[in-house]
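The values are calculated or read from the model by the stated rules, or taken from the named source; none is laboratory data. As the structure is a computational prediction, the values presented were derived from the model and not from experiment. Counting neighbours? That spans all protein chains shown, and the Cβs are built from the backbone with ideal geometry, glycine included. Please note that ligands, DNA and RNA were not included when accessible areas were found on the heavy atoms of the full protein model with its side chains. Shrake-Rupley method; radii C 1.70, N 1.55, O 1.52, S 1.80 Å.
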Amino acid sequence: MKKTVIAVAAAILAVLGLSHITERTKYAQNAGRGPGAGQAQTLLVTATPPDPAAAAGRLAHMRKHLRPYWIPTEAGGMFLLPSIDDAKTAAFFKDLAARMPPPGREKDFYDTLSGEVSAFFEKAEFEPGVYRLDNYHREYAVDGKIRFDSDGHEDTALPQGESFDFTVTGDHLKLLRHLNTREWSGYIELMDPKRPYGDMTYFYLDMSDALGEPRPPRDANNRPAYTKEQIERFLKLHREMLFCAQAFWAYAK
């Protein structure tokens with residue numbers, strides 16, 4: 001167990017430390033969602049795999065193999081990864097790039113993928129409600145918690161068990177439609193941890209806009225005068241966006 005925690009911590013630190021990932025390829029099937037042996041044989045005969053050379057096929061391929069992972073730099077954000085293992089991440093994207101004509105420059109490849117992911121999160125159909133989620137975040141948790149941000153706010157406590165129910169609200173969905181998604185150093189950054197919901201480093205302002213709520217007046221130092229209660233609510237919503245994004249990625253149509 002101790003070795004696993006150390007390995008996970010090293011993988012996360014590699015991501016946070018601008019790890020140099022130069023290769024990408026295919027990752028294994030969705031954890032815990034594989035069909036039984038008989039069903040698998042039927043699928044092999046009848047199912048047509050998505051073509052990653054086409055946009056719809058790429059999105060289906062990514063949704064099958066990638067998952068949102070929380071990155072606790074700055075305000076906290078998310079990457080889409082097949083695993084916290086750098087080698088598996090490198091392998092997946094190498095394979096995907098090889099199937100996308102024309103190859104082009106590496107940044108063009110990741111810009112294309114992040115643009116398609118961004119469009120999906122802006123336009124796909126998804127309703128508020130209770131969703132059953134896989135608790136894969138335990139892989140990189142320490143004592144059942146994952147770091148939240150660089151500002152010293154408390155860590156995010158994970159639910160217990162291999163799966164859990166999460167309630168997606170209308171506020172979650174409003175924020176979800178404003179995720180600042182982009183390419184970053186060979187990654188799909190689902191939520192930019194510096195500017196999570198727009199172009200403001202003081203991201204509470206972008207949250208107000210996304211939620212359709214008025215911005216507060218300015219104080220004597222020209223700073224937005226949010227109340228303690230408002231900030232606590234924003235931080236709670238921001239913390240929960242990992243699970244909202246996970247539900248959307250798995251269930252949206």
Of the residues in region 173-198, those that are open to solvent by less than 10 Å² (accessible area, probe 1.4 Å) and at pLDDT below 95 come to Gly186, Tyr187
Given (1) at negative phi; (2) over 20 Å from the mean Cα position of the chain (by Cα); (3) without any contact (Cβ under 8 Å) to a residue 24 or more places away in the chain, index of the condition Gly152 fails: (1)
Would you confirm whether or not region 158-166 contains a residue that is open to solvent by less than 20 Å² (accessible area, probe 1.4 Å), in contact with a Pro (Cβ under 7 Å, 6 or more places away or on another chain) and in contact (Cβ under 8 Å) with a residue 24 or more places away in the chain? no
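Do we find that Ala55 is under 19 Å from Ala250 (Cα atoms) and at pLDDT below 70 in this structure?
On the way: under 19 Å from Ala250 (Cα atoms): yes; at pLDDT below 70: no.
For Ala55, the condition - under 19 Å from Ala250 (Cα atoms) and at pLDDT below 70 - is not met.
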Cβ pairs under 8 Å, 6+ apart, first in region 173-184 and free of Cβ contacts under 8 Å to residues at least 60 places away in the same chain and closer than 14 Å to Met200 by Cα, second among the hydrophobic types (A, V, I, L, M, F, W, C) and buried (at least 17 other Cβ atoms within 10 Å of the Cβ): His178/Ala210; Asn180/Met191
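Suppose the filter is open to solvent by less than 30 Å² (accessible area, probe 1.4 Å), touching a residue at least 12 places away in the same chain (Cβ under 8 Å) and in contact with a Pro (Cβ under 6 Å, 6 or more places away or on another chain); does Leu235 pass it?
Considered against the rule, which asks whether it is open to solvent by less than 30 Å² (accessible area, probe 1.4 Å), touching a residue at least 12 places away in the same chain (Cβ under 8 Å) and in contact with a Pro (Cβ under 6 Å, 6 or more places away or on another chain), Leu235 comes out as no.
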Taking region 128-144 and keeping residues in contact with a strand residue (DSSP E or B) (Cβ under 8 Å, 6 or more places away or on another chain) and either open to solvent by 20 Å² or more (accessible area, probe 1.4 Å) or assigned to a helix (DSSP H, G or I) (or both) leaves Pro128, Gly129, Val130, Tyr131, Arg132, Asp134, Tyr136, His137, Tyr140, Gly144
Out of all the residues in region 145-160, which are among the polar types (S, T, N, Q) and either closer than 21 Å to Leu190 by Cβ or assigned to a helix (DSSP H, G or I) (or both)? Ser150, Thr156
So, Pro102, is that one at pLDDT 95 or above and farther than 19 Å from Tyr251 by Cβ or not? no
I need the full set of residues from region 204-232 which are open to solvent by 20 Å² or more (accessible area, probe 1.4 Å) and either in contact (Cβ under 8 Å) with a residue 40 or more places away in the chain or of a type in the set (Lys, Arg) (or both), in order please. Arg215, Arg218, Arg223, Lys228
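Taking the condition of being open to solvent by 20 Å² or more (accessible area, probe 1.4 Å) and touching a strand residue (DSSP E or B) at 6+ places or on another chain (Cβ under 6 Å), how many residues in region 145-157 meet it?
The first filter runs over region 145-157 and keeps only residues open to solvent by 20 Å² or more (accessible area, probe 1.4 Å), leaving 145, 147, 150-155, 157.
This time we only want the ones that are touching a strand residue (DSSP E or B) at 6+ places or on another chain (Cβ under 6 Å), so: 145, 155, 157.
Looking only at that region, the number is 3.
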